[in-house]
1. What pairs come up if the first residue lies in the stretch 294-306 and is under 12 Å from GLY248 (Cβ atoms), the second is assigned to a helix (DSSP H, G or I) and open to solvent by 70 Å² or more (accessible area, probe 1.4 Å), and their beta carbons are under 6 Å apart, counting only those six or more places apart or on different chains?
2. Say whether the condition of being crowded, with 21+ Cβ neighbours inside 10 Å and of a type in the set (Gly, Ala, Ser) is met by at least one residue in the stretch 360-367.
3. Could you check the stretch 299-340 and list, in sequence order, the residues that are over 26 Å from GLY200 (Cβ atoms) and assigned to a helix (DSSP H, G or I)?
4. Looking only at the stretch 179-219, how many residues end up being touching a residue at least 60 places away in the same chain (Cβ under 8 Å), among the β-branched types (Val, Ile, Thr) and closer than 30 Å to GLU29 by Cβ?
5. If you take the residues in the stretch 159-176 that are of a type outside the set (A, V, I, L, M, F, W, C) and surrounded by fewer than 17 Cβ atoms within 10 Å (Cβ to Cβ), which one is nearest to ARG134 (Cα to Cα)?
6. Determine whether ALA184 is of a type in the set (A, V, I, L, M), under 24 Å from ARG349 (Cα atoms), surrounded by 16 or more Cβ atoms within 10 Å (Cβ to Cβ) and at pLDDT 95 or above.
7. For the stretch 102-143, which positions are modelled with pLDDT of 95 or more, touching an Asp or Glu at 6+ places or on another chain (Cβ under 9 Å) and of a type in the set (Ser, Thr, Tyr)?
8. Checking the conditions here, which among GLY60, GLY49 is of a type outside the set (Phe, Trp, Tyr) and open to solvent by less than 10 Å² (accessible area, probe 1.4 Å)?
Amino acid sequence: MNTADETQIFDAIGKWLERDVRPKARELEKKDEYPEAMVETMKVLGLFGATIPPVYGGLGLPASTYAKIVAQISEVWMSLTGIFNSHLIMAAAVARYGTEAQKQKFLPKFASGEIRGGLALTEPDCGTDLQAIRTRAVKQGDHYVINGTKTWISNGIQGSCFALLVKTDPNIQPRHKGMSMFLAEKGKGFRVSKKLEKLGYKGIDSAELIFEDYRVPAANLIGGVEGKGFHHAIGGLELGRINVAARGVGVANAALKDSVAYAQVRKTFGKPICEHQAIQLKLGEMATRCEAARLLVENAARAYDAGERCDMEAGMAKYFASEAALENSIEAVRIHGGYGYSTEFNVERYYRDAPLMCIGEGTNEMQRIIIAKQLIARNPA
């Protein structure tokens, strides 16, 4: 994508953010209200098809451009990015691994936002260790019958279709060979049991999904072959981790910008607090974190776009950028003093949103393990 096209996209999104999102984000976040009108505009902007190939109606954006969009939106209201990120991971699983019939059927509707959804991996007793899932699919004729529970599923209430990870052979070793992924559309036997209340990340719905003798067509088995689900899930998480890292960049930048502005108008001891060394030290660290996080995201996105293995790069970006968001949000609260603890300012939202990114799409503890293992594998003694 050339620079002029990128600029045009960023300009359109920027105008929408300033016109429609920034004035309303705090109120919607406080009410934990799904942003229906914003979602409709996101459809028009093509965000639900951002990384879907143009032949199927998407924008076909490279990960490098997509990550910049995510960071841009996250500076204003991070929750919005979750509405299309989980959706696009589902779409990526179909685009990369699906049959041509699956691509033709689902991708155009994913791209337009007519069908929206997400990724259903996590279970009540299983998060980072995906191989421990218990949701089971048993083949019966031209259908599979699925039973189990998924939790913390983004878009669980508002979405209508999910990339659902299940066990088709719970006895096979190694365990990952017994996992498959289906496109599960809502219907009989598939229900939402409850909306999950959260510390932050408001507006987007996170839910628990129950499958009770849910029948899904065998034609919805992604790729048409059992036993590939773990591979499909892990492949999608590379893009997901780049997205979470980009969110971290956005939140870290927002915390920095708000702090720089406030530090110039708040005065103590006869001068703006930005002239106090204690505040300057914080701002210097915050700015450095932002820039380092941005460069790590760019590096991971570049590797992803080149088709290279990038679990180490994505892990580094996700780990560092999410921690940068967390640290910057805490420092922003401190710089704002009592107002940082007030809902009158946005920094308290950054402080509540940031911890999610240290947990979501694989914990930061797991990211460091992945980084270390890849470091050793790529540099044999």
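The values are calculated or read from the model by the stated rules, or taken from the named source; none is laboratory data. Fair warning: this is a prediction, and the values are worked out from it, not measured in the lab. Positions of Cβ are generated from backbone atoms using ideal geometry, with glycine treated the same way; all protein chains shown enter the neighbour counts. Keep in mind that these areas ignore ligands, DNA and RNA; they rest on the heavy atoms of the full protein, side chains included. Shrake-Rupley method; radii C 1.70, N 1.55, O 1.52, S 1.80 Å.
1. LEU296/PHE320
2. The answer is yes; a qualifying residue exists.
3. Those that are over 26 Å from GLY200 (Cβ atoms) and assigned to a helix (DSSP H, G or I): ASN299, ARG302, ALA303, TYR304, ASP305, ASP311, MET312, GLU313.
4. Qualifying residue count, the stretch 179-219: 2.
5. So, considering only residues that are of a type outside the set (A, V, I, L, M, F, W, C) and surrounded by fewer than 17 Cβ atoms within 10 Å (Cβ to Cβ), the one nearest to ARG134 (Cα to Cα) is PRO170.
6. So ALA184 fails the test.
7. THR135
8. The conditions single out GLY49.
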